[in-house]
Structures are given as structure tokens and as C-alpha cells.
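Report on the structure given below.
The values are calculated or read from the model by the stated rules, or taken from the named source; none is laboratory data. Please read all numbers here as calculations on a predicted model, not as lab measurements. A quick note on method: Cβ atoms are made from the backbone with ideal geometry, for glycine too, and the neighbour counts reach across all protein chains shown.
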Ligand code: URA
């Protein structure tokens, strides 16, 4: 096989065989295929696309390029979630404790933030003492004992993806659906969960700005997951404004704790309501997937007893039942207790979960007023993420150090009327010199109008 021929084949719009895809991924990972040929191939994929079979093989080849996390020592059906990245997305801190409190194991690998989106690992480090670099044994034991553990991504998970992504980043080939889907799913498959729920963000703060592309990405990833034998759901959620009210590392942990403390899920602040809706939808699908997969597994192992080939899944959990259980996990306080237990098991200060006022606080908390009255009509959500970056809460390069205390607390959402003397948001800053620029960028990120505006639906679609 010659890489030259494979570039030409894709350039001319033909489909690769499995062997050809393996040849490309293995050759590039080993350094046998040079960057210039790989770049040409990536650009051909960008223009000509890939079939479902090609995308699945590409994903498996990338997942096989390094270590696969061995979760076989963990009892039960393991679930995982992945968000394609947004602003103010703290759903992991709500969803994971809900699931764990319901007995569903979650062994999660997460990453750090880059650019306008935050990272789960950074946010958790806002909790004093929390350690994301625990040993594999402690990780496995914690999942077996308390059903939840979270670590930073290991160096050798899908190294082919790392190398390919670096090339895509400099050759304008990032925004290709088969390349994005295979990149995300290769890491998810290597991370070992049996059930995967994907939160595909859609809107001005997301990779996918329009609903058609978000749905296409979700479909592609769900097909890969199911094709690889993992029960996978895709939930398309709105990212046309930040999720919830708070953006910033400690601030997002704070808001997740506020949600986990809710005793009544009615009459909520609009931002909290949207955050809760996304979290409960993700958690319900994860719970449903875990319970129903374990029924499937039991039935498969009992298949010898079934002589008519027909069996009704009478114990299957439906969405409504799963949702009720997830809601109860919040209102009963069990999910909050689980979050505190998880934090303590990784060396963190659990008091900060019950009393989030103990989380790191910025030196300055400055109100922001809009320069005119009107209804909030739209938001350039990625700009709100950039404001957090200006304040020092985000990472410009992988090496940047971040300030965990800073961020933005948004008081108004799309559809709200803002009076001239009303506080629109609070900026939390440690460096006085960046406050004016942060204020200006935040005000410019929003459009006000004289006519009442309506926010987009928070859940835009479910792909099963
Ligand atoms: N996130 C990933 O991990 N890969 C992509 O290609 C895009 C987003």
C-alpha cells in the first residue's frame, strides 16, 4: 500500500477499506507517514467526507493506537458522559453524583479547558486538596466503593488522535464531522464505559453553531458508539447563552452545589432551570442506559434458559421513571452527599460542597450595567467565555496558569427585560487592570432589543 494512492483515492471521492484506514492511522502514529501526506489526506476527508463504516474504523484504529482503560475490575455497567464543549457547563458535577447516588458506577476521565471553554479538571481543582492524579488502583477502588471517581486524561489514551488533532489544528481541517466524531469517540471508546451519553452543544458558544450540523455530528457519534458495541445516546442542547448563571472555575462548582441543594424543583431562576433541565435529561438517559444494559446482559447470560427466543423486558426503565429517580436523588440530598463523599475520597475539602461560600473568592466583585434598556435578544456565548479568559480564568495555551476564583455571574437571560439601573452581571476579578476590558467585552457580547425575545428550547433533540 502507498499513502500516495490512498490520498488520491479519497481525493477522488472513493471509500477506503478497513485495511487502508488501519494503514494510514498506524503509519502516521509510528511516524512512517509524514505530516505533508497526512495533511493532504485530512483535507481530502474534509472535502469528500467518510462513510459510516470508514468513520467507525477510523475511530477504532485511533482508540487502538494507545492504551484502553481496563474497567473490568469495576462491577456493573459503567456509564460516561461527554460534552462537546460550551460555556458555563458544569453538568458533570450534577450528573455524576446523581448517578453514583443511584448505584450506577462512573469512572470518568476528563480534560482541562482551552480557549473559551472550561475544563472539568480545572473546575474541580477549585476545591481545596482535590487530587485529579490518583493511582489507577485508587481510581478503581473508589468507583467500586462509592461509584464515582474522576481523573485527568492519561498520556497514552488515543495518541493517534492527539497527533492528528495537532495537524488538523494547523491545516484548517478541524471542522469536519467525521474527523470531530472519530476524535471524540476514539477517546470515549478507549476510556472503557459501556453506556455513553453525549451532550452535543449547539449555538453561539459551541463547535456546532447550527442545529443541522449538531444533529449530524450527534448522529455520527451515536452510530460510532453503537457500532462499537456501546449503548450511546446523543442529546442536543442549546448553547446560545451560557448554561446556568455562573462562568468560571470555582463559580461553576458553586452553582452545581446550589443545584444539588435544591429541595423543590419548581419556580427556579431561569438560568438554574435550564442547567437543571440539561443535567436531569443527561442523567436520566445515563440511568436508563445503565439499567437496561444490565438487563440485556443478564438476559444474554441466561439465554440458555430461553427456548422460545422471545423475552419481554418487563423490568426495563423508561425515561419518565429514570427522570423521577434522578429528581429524587437531588431533592432527597443524596446526590449532594455523594458529591461530598467523592470529593473527600480524592483528598478534597468536603465542607466546601456543603458550604460553597468556602470556595476560592476573587478580590473584586463588580456589578455590570447595560448601556441601554431592553429585552435580552441574543448572546455571543463564546465571547462570555473569552471574558473569563481575560479575567484569567481560562487558558490561552496549554501551559497557561489559571485563576480559579474569577469569572462572571450573569443575572439576566435571553427574554428578560433589563432596566437601566438593574445589575446585568457581576464580574469576579483578581486583577483590577482587566476589569474595564472584561466589562466592555461582556456588554458587547449581548444584544438588547425593544421587542420581547424568546430563548431557544434547551433540549433541541435526542438521538437514540
Ligand atoms: N473535541 C475533540 O476531542 N476533537 C475534535 O475534533 C473536536 C473537539
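Taking the range 102-121 as the range and being surrounded by fewer than 21 Cβ atoms within 10 Å (Cβ to Cβ) and in a helix (DSSP H, G or I) as the test, only 121 passes. If you go through the range 192-208 and keep only what is surrounded by fewer than 24 Cβ atoms within 10 Å (Cβ to Cβ) and within 14 Å of the ligand (Cβ to nearest atom), you end up with 207, 208. Screening the range 63-73 for residues that are away from the ligand (no atom under 15 Å from the Cβ) and either part of a strand (DSSP E or B) or touching a strand residue (DSSP E or B) at 6+ places or on another chain (Cβ under 6 Å) (or both) and picking the one that is farthest from residue 337 (Cα to Cα) gives 67.
Taking the range 330-393 and the helices (runs of 4 or more DSSP H) fully enclosed by it, the elements with 1 or more residues that are farther than 26 Å from residue 131 by Cβ are at 381-391. When residue 150 is tested against (1) away from the ligand (no atom under 15 Å from the Cβ); (2) touching a strand residue (DSSP E or B) at 6+ places or on another chain (Cβ under 7 Å); (3) assigned to a helix (DSSP H, G or I), exactly one condition is not met: (3).
Regarding residue 129, is this residue under 24 Å from residue 221 (Cα atoms) and either away from the ligand (no atom under 11 Å from the Cβ) or at pLDDT 95 or above (or both)? Considered against the rule, which asks whether it is under 24 Å from residue 221 (Cα atoms) and either away from the ligand (no atom under 11 Å from the Cβ) or at pLDDT 95 or above (or both), residue 129 comes out as no. Counting only residues that are crowded, with 17+ Cβ neighbours inside 10 Å and touching a helix residue (DSSP H, G or I) at 6+ places or on another chain (Cβ under 9 Å), the range 442-455 holds 4 of them. Filtering the range 229-245 down to residues that are more than 23 Å from residue 273 (Cβ to Cβ) and in a loop (DSSP other than H, G, I, E, B), which residue is nearest to the ligand (Cβ to nearest atom)? The extreme case among them is 230. Taken together, the residues in the range 160-177 that are touching a residue at least 12 places away in the same chain (Cβ under 8 Å), in a helix (DSSP H, G or I) and more than 10 Å from the ligand (Cβ to nearest atom) amount to 3. Reported count of residues in the range 128-159, each being within 30 Å of residue 46 (Cβ to Cβ) and without any contact (Cβ under 8 Å) to a residue 60 or more places away in the chain, is 2. State yes or no: is residue 457 over 29 Å from the mean Cα position of the chain (by Cα) and touching a residue at least 60 places away in the same chain (Cβ under 8 Å)? For residue 457, the condition - over 29 Å from the mean Cα position of the chain (by Cα) and touching a residue at least 60 places away in the same chain (Cβ under 8 Å) - is not met. Check the range 95-112 and report whether any residue there is in the same structural domain as residue 277 (by TED's automatic domain parsing), at positive phi and within 16 Å of the ligand (Cβ to nearest atom). No, the range 95-112 contains no residue that is in the same structural domain as residue 277 (by TED's automatic domain parsing), at positive phi and within 16 Å of the ligand (Cβ to nearest atom). Is there a residue being within 13 Å of the ligand (Cβ to nearest atom), at pLDDT below 95 and assigned to a helix (DSSP H, G or I) anywhere in the range 219-228? So far as the range 219-228 goes, no, none of its residues is within 13 Å of the ligand (Cβ to nearest atom), at pLDDT below 95 and assigned to a helix (DSSP H, G or I).
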